[in-house]
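Working notes for the structure below.
What follows is calculated from the coordinates using simple rules that are stated; it is not laboratory data. Only a predicted model underlies this, so the values are computations on that prediction, with no experimental measurement involved. In this analysis, Cβ positions are derived from the backbone assuming ideal geometry, glycine residues included, and neighbour counts consider all displayed protein chains.
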Amino acid sequence: MPPAKQKPVLETDFVRALGELLNDLSLAEIAYEKGDFRVRVTRQQAAMAPLAAPAVTVTEAARPAAAVGAPSEDYGSHPGLLTAPMVGVVYTSAEPGSPAYVSLGDTVAVGDTVLLIEAMKVFNPIKAHRAGRISRVFISNGVPVEYGEPLLLID
């Protein structure tokens, strides 16, 4: 007779803690995986109250006034738009008190680390996808970001 399979034990306290983290960081989804244990907590759009807009600092590089885009300008199709590849908290430097990886007006090469995104206590380097000059910064240090959220504009 084959051994009976054990029923998986649902760690309700852990799932509840993930839900609280989801709310605290104003995230739409959070996932955790360790070995065979996997859990994903999401908000349902219909039942979800509107999220407060995250604190975003938008800065412009010094350019002629005619070339400066309005804050509402859509950069979604700009080839230099660097967006968040994951949900997490963005950091502009390697550690508190150290200089930022990049600042407005800096020149970057392909593959240069420009930010870090902390997700699940892992700091993931975000690298420049093209060479150019940082012309816009859409985020502030320590702010939660969602997948696909604009981070920087590289011209």
### Query
For THR12, THR107, what ranking results if the residue with the fewest other Cβ atoms within 10 Å of its Cβ goes first?
THR12, THR107
### Query
When ARG136, ARG130 are ordered from fewest to most other Cβ atoms inside 10 Å of their Cβ, what list results?
ARG130, ARG136
## Note on the structure
Beyond 13 Å, the calculated P(r) of the stretch 81-136 holds a percent of Cα-Cα pairs equal to 59
### Task
Rounded to the nearest 0.05, what FRET efficiency do GLU149 and GLU33 give with R0 = 22 Å and r taken as the Cβ-Cβ distance? Could you check?
0.45
## Note on the structure
Taking r as the C-beta separation of ARG40 and VAL122 and R0 as 25 Å, the FRET efficiency to the nearest 0.05 is 0.90
